[in-house]
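K.L.:
Pasting a structure below so you can have a look.
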Amino acid sequence: MSTRRQAITLYRNLLRESEKLPSYNFRMYAMRKIRDTFRANKMINDFKEIDRQVANAKESLELIRRQVIIGHLYTTDKLVIEQKKTLRPSDD
């Protein structure tokens, strides 16, 4: 698999897994960190450094997967910002 395709696949997997985090704060932090890190490393041309970053991203993916499992074991109530808005029928 080409390095570009591997990086894009890894990026998508990281974002998908981070969306599964039950805690809003952890979820938003992980997604922001993933995007920022990939944008910062977009211009790397050294293949050794790319391999290092890909290995680091794979470790992060495994860490996020473990955190998702642990997070679902100890769930809490959702924050106000996460609750879906429901439209109440107007009392005309």
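K.L.:
Applying the selection to the range 1-16, what residues are surrounded by fewer than 13 Cβ atoms within 10 Å (Cβ to Cβ) and either part of a loop (DSSP other than H, G, I, E, B) or not charged (D, E, K, R) (or both)?
P.N.:
Within the range 1-16, MET1, SER2, THR3, ILE8, THR9 meet the criteria.
K.L.:
For the condition in contact with a helix residue (DSSP H, G or I) (Cβ under 6 Å, 6 or more places away or on another chain) and at pLDDT 95 or above, what is the one hit in ILE44, ILE34?
P.N.:
Of the residues listed, the single one that is in contact with a helix residue (DSSP H, G or I) (Cβ under 6 Å, 6 or more places away or on another chain) and at pLDDT 95 or above is ILE34.
K.L.:
Can you pull out every residue in the range 17-65 that is among the polar types (S, T, N, Q), open to solvent by less than 70 Å² (accessible area, probe 1.4 Å), without any contact (Cβ under 8 Å) to a residue 40 or more places away in the chain and not in a helix (DSSP H, G or I)? Outline the logic, then answer.
P.N.:
First pass over the range 17-65, keeping only residues among the polar types (S, T, N, Q): 18, 23, 25, 37, 41, 45, 53, 56, 60.
The next check asks that each one be open to solvent by less than 70 Å² (accessible area, probe 1.4 Å); those that pass are 18, 23, 37, 41, 53, 60.
Cutting the leftovers down to without any contact (Cβ under 8 Å) to a residue 40 or more places away in the chain gives us 37, 41, 53.
The answer is ASN41, and nothing else.
The values are calculated or read from the model by the stated rules, or taken from the named source; none is laboratory data. Given the structure is predicted, the values throughout are model-derived calculations rather than measurements. Quick reminder, even Gly has a Cβ in these numbers, built from the backbone with ideal geometry, and neighbours come from all protein chains shown. Accessible surface is based on the protein model in full, side chains and every heavy atom, while ligands, DNA and RNA are left aside. Shrake-Rupley method; radii C 1.70, N 1.55, O 1.52, S 1.80 Å.
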